[in-house]
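This report refers to the structure that appears directly beneath it.
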Amino acid sequence: SQTIHQWPATLVQPVGSPLSLECTVEGTSNPNLYWYRQAAGRGLQLLFYSVGIGQISSEVPQNLSASRPQDRQFILSSKKLLLSDSGFYLCAWRGQGRNYGYTFGSGTRLTVV
Amino acid sequence: SQQGEEDPQALSIQEGENATMNCSYKTSINNLQWYRQNSGRGLVHLILIRSNEREKHSGRLRVTLDTSKKSSSLLITASRAADTASYFCATDGTGFQKLVFGTGTRLLVSP
């Protein structure tokens with residue numbers, strides 16, 4: 001069966017420090033991968049998506065970047081965090097079929113102080 | 001950007017009552033999906049309805065879709081305290097495969 005792993009669960013980082021959040025998927029190949037961010041009490045904002053290794057599309061220009069070094073690995077990074085980067089970050093995947101739901105990871109709560 | 005707007009933003013009911021949440025969206029869609037999120041957790045996919053479908057059922061869930069009005073509703077029948085969560089609609093547009101989420105409805109079911 002397919003599973004998605006996202007870590008860490010919580011993270012407190014100072015302003016100006018780097019960031020690396022990792023997401024891996026097991027039990028499937030060539031998934032579409034997504035990074036979303038959720039501000040407190042709000043909906044989800046799509047940050048990046050990827051249809052294959054090395055293929056990254058950015059939805060929102062910002063202080064973050066994403067990479068997909070392996071088929072089932074998706075990494076969210078920042079060189080220097082801002083206070084506004086605080087939020088709940090969620091990774092998700094879907095297979096190549098169109099009419100299927102997304103499977104989400106358990107999320108990372110990032111607080112920039 | 002968020003395409004969907006959910007109504008109401010918050011809903012409080014008693015166990016056993018039905019809960020109805022509405023979602024409106026702006027552009028053409030391939031399908032519309034509903035998700036549930038317990039506080040501080042990831043989202044769980046509940047149900048998907050395609051653009052050529054009008055109604056779909058899954059257990060105590062009933063989803064309707066009206067593409068002419070660009071709206072959908074989620075009905076949870078015979079609610080339970082365990083249904084307490086936030087519910088989001090999400091649209092998969094006719095372009096690239098990416099979901100755009102609404103703002104969510106916070107449902108509180110009291111025993």
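Values as computed for the structure displayed
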| item | result |
| --- | --- |
| Filter result (open to solvent by 20 Å² or more (accessible area, probe 1.4 Å) and not charged (D, E, K, R)) within the range A:52-65 | A:Ile53, A:Gly54, A:Gln55, A:Ile56, A:Ser57, A:Ser58, A:Val60, A:Pro61, A:Gln62, A:Asn63, A:Ser65 |
| Complete set of residues in the range B:87-111 that are more than 9 Å from chain A (Cβ to nearest Cβ) and either polar (S, T, N, Q) or within 24 Å of B:Gly16 (Cβ to Cβ) (or both) | B:Tyr87, B:Thr91, B:Thr94, B:Thr105, B:Leu107, B:Leu108, B:Val109, B:Ser110, B:Pro111 |
| Residue match in the range B:6-20 (condition: closer than 25 Å to A:Leu47 by Cα, at pLDDT below 95 and open to solvent by less than 40 Å² (accessible area, probe 1.4 Å)) | yes |
| Subset of the range A:14-45 that is without any contact (Cβ under 8 Å) to a residue 24 or more places away in the chain and open to solvent by 20 Å² or more (accessible area, probe 1.4 Å) - its residue that is nearest to the chain's Cα centre (by Cα) | A:Gln45 |
| B:Thr77, sole failed condition from (1) away from chain A (no Cβ under 12 Å); (2) buried (at least 16 other Cβ atoms within 10 Å of the Cβ); (3) β-branched (Val, Ile, Thr) | (2) |
| Count of residues meeting criterion [outside any strand (DSSP E or B) and either open to solvent by 20 Å² or more (accessible area, probe 1.4 Å) or within 10 Å of another protein chain (Cβ to nearest Cβ) (or both)] in the range A:78-110 | 17 |
| Looking only at the range B:80-110, and only at residues there that are at pLDDT below 95 and farther than 19 Å from B:Leu43 by Cβ, the one that is most open to solvent (accessible area, probe 1.4 Å) | B:Thr94 |
| Residues of the range B:30-63 satisfying the condition of being open to solvent by 30 Å² or more (accessible area, probe 1.4 Å), in a strand (DSSP E or B) and not small (Gly, Ala, Ser) | B:Asn30, B:Arg36, B:Val44, B:His45, B:Leu46, B:Arg50, B:Glu55, B:Lys56, B:His57, B:Arg62 |
| Of all residues making up the range A:52-73, the number that are within 17 Å of A:Gln38 (Cβ to Cβ) and either within 14 Å of chain B (Cβ to nearest Cβ) or in contact with a Pro (Cβ under 6 Å, 6 or more places away or on another chain) (or both) | 4 |
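The values are calculated or read from the model by the stated rules, or taken from the named source; none is laboratory data. Only a predicted model underlies this, so the values are computations on that prediction, with no experimental measurement involved. Note that we place each Cβ from the backbone using ideal geometry, even for glycine, and neighbour counts take in every protein chain shown. Surface accessibility is based on the protein's heavy atoms, side chains included, excluding ligands, DNA and RNA. Shrake-Rupley method; radii C 1.70, N 1.55, O 1.52, S 1.80 Å.
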